[in-house]
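None of the figures in this text is laboratory data; all of them are computed from the coordinates on show. Small disclaimer: the values here were computed from a predicted structure and weren't measured. Note that each Cβ is placed from the backbone with ideal geometry, even for glycine, and that neighbours are counted across all protein chains shown.
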Amino acid sequence: MMDCGSTVTDDTAFFRFGPIARPVVFVNCASLAAMIAARLNGWSVTPWPRTGARSEPVITVTRRENDYALASDTIKGEETYEGEANIVCAFIAELVMAFGAADPDTLFLHAGGAVIADRLVIYPASGKTGKSTLTAQLAARGARVFTDDVVPVNLETGKAMALGIEPHLRKPLPDALPAAERRWIEDHVSIANKRMAYLGLPRKGAGSLAPLGEARKIGAFVLLERREGVAPLLEPCARVDLMKLIIRQHFGAARPAPEILPRFKALIESAPCWRITYSGGDEAARLIEELVARP
């Protein structure tokens, strides 16, 4: 169990987050570590040992009078945030980047992922196409959530891995959400403010959050395209279209391009590729369920 007080010295607390080999530091805000840990599943969050050498922190959060300052390897200088929900969200984004930098054999795809009928469906999309909302809807319908935004894929095995991070939704929720799914989502909100909300999914059973490191073979890729006023459509997707999108949006895997590109090609060819065009409501969730139900 986490013991925040055990590493607080002069209002500075050092923690280890999961497999990340460098410390995370909280200044004047050690209680944030517990709040962040509650958004994670399968991450060990433990006090950094008092004795021995410490490397430079990978992430530092400093509480000031009216805001929080965030510094990391990927931020030039620092960024400031008001309120606990905002700094938790920003911290988790930096935690994912630090996790990605620590593993040269893993690609990180900008996509959501959920296990439906024992089949892992990965749904890449450009921004604001509804990945997180779709993930929440699938959870409400009983799917096991892998991730709502970033999917790690091991280059050697070709398997996708769960990130163990609660889905993070923009607010307000879309008006077109079915009433039952809206109620389920609202009942599972863990922390929120006027602009965002995390979903406190169960750790076991229907609608659960898979833990960090759970690995599965990809059962299907589904490219999402949301357009107002269109009829919902599920159709085969050209692999080249999917490959262009994930190459443009991926990060991690510090290997030369000539080595990475064949791995991308093999990954895309490892599972069926589909495209869903939809406008909202439960259309995308319903079509994904229809897809996995096919023989």
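Along the axis of the charge dipole computed for the chain (Cβ charges of +1 for Lys and Arg, -1 for Asp and Glu, origin at the Cα centre), the listed residues 196, 102, 242 are led at the positive end by 242.
As a proxy for reagent exposure, 177, 134 were ordered by neighbouring Cβ count within 10 angstrom, fewest first; the result is 177, 134.
Using a Gaussian network model on the chain with a 10 Å cutoff between Cα atoms, which of 41, 193, 66 fluctuates the most? The residue with the greatest mean-square fluctuation here is 66.
Among the trypsin sites (Lys or Arg not before Pro) in segment 26-92, those located in a DSSP loop and surrounded by at most 16 other Cβ atoms within 10 Å of their own Cβ are 50, 54, 64, 76.
Over the chain, DSSP H runs of length four or greater, each weighted -39,500 (n - 2.57), average out per residue to a 222 nm ellipticity of -8000 deg cm²/dmol. Average projection, convex hull of the Cα set of segment 106-293: 10.2 square nanometres. In terms of its alpha-carbon gyration tensor, segment 4-101 comes out rounded; the largest-to-smallest axis ratio a/c stays below the 1.5 threshold.
For the peptides 275-288, 112-125, the ranking by mean Cβ contacts within 10 Å, running from highest to lowest, is 112-125, 275-288. Measure up 159/244; 76/217; 76/244; 131/265 against 25 Å on the Cα-Cα distance and list the ones that go over. Pairs exceeding the cut-off: 76/217; 76/244.
As a proxy for reagent exposure, 68, 81, 198 were ordered by neighbouring Cβ count within 10 angstrom, fewest first; the result is 81, 198, 68.
Put a plus charge on the Cβ of each Lys and Arg, a minus charge on the Cβ of each Asp and Glu, and nothing anywhere else: the dipole of the chain about its Cα centre is then about 600 debye. The mean sequence separation of alpha-carbon pairs under 8 Å and at least six residues apart, normalised by the residue count of segment 126-182, gives a relative contact order of 32 percent. Ranking 211, 31, 155 by how far each Cα lies toward the positive end of the dipole of the chain (charges on Cβ) leaves 155 at the top.
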